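Reviewing the structure listed below.
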Amino acid sequence: MTLPLPLRNRLADLILEALHESTGLDEAFRNDVFQRIDELANRASTVQDLGEGYLGVIRDLELWLRRPSEAQHQRSIERAREFIHQHLGEPISR
């Protein structure tokens, strides 16, 4: 199930803007969250899938609010894993 892009963006924007104003949520993390929400909405085939994905995003936001340095470290590890997964099959060049 794909929510219309304007609705996804509006929901995400409302949540993230409130967090930014109250906590100083940094722009890089905010952009990461937007990207994840878009990916979740595009992959979800049911409302349950979408809800489970959003819960993961909410958990990450909660971690960022409670322990920002740990959240940043976890996100860096996740980005490194994604990079490796995307480029694992590429030939090594010098």
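We did not get these values from a lab; they are worked out from the coordinates using the rules stated. Nothing here was measured: the structure is a model prediction, and the numbers come from that model. All Cβ positions, even for glycine, are placed from backbone atoms using ideal geometry, and neighbour counts span all protein chains on display.
General remarks:
- A simple rule links phi to the HN-Hα coupling: the Karplus curve 6.51 cos²θ - 1.76 cosθ + 1.60 with θ = phi - 60°, which for the stretch 57-74 gives 5, 4, 4, 5, 5, 4, 4, 4, 5, 7, 9, x, 5, 5, 5, 5, 4, 4 Hz, with x for Gly and Pro.
- Local charge for Ala71 was computed over the other residues whose Cβ lies under 12 Å away, with Lys and Arg +1 and Asp and Glu -1, and equals -2.
- Amide N of the stretch 58-94 lying under 15 Å from the label point, which is placed 7 angstrom from the Cα of Asn31 along Cα→Cβ: 76, 79
- Proximal charge balance of Arg59 [Cβ under 15 Å; K/R count +1, D/E count -1]: -2
- Net length gained if the chain between Ser45 and Ile77 were fully extended (0.36 nm per residue, minus Cα distance): 8.8 nm
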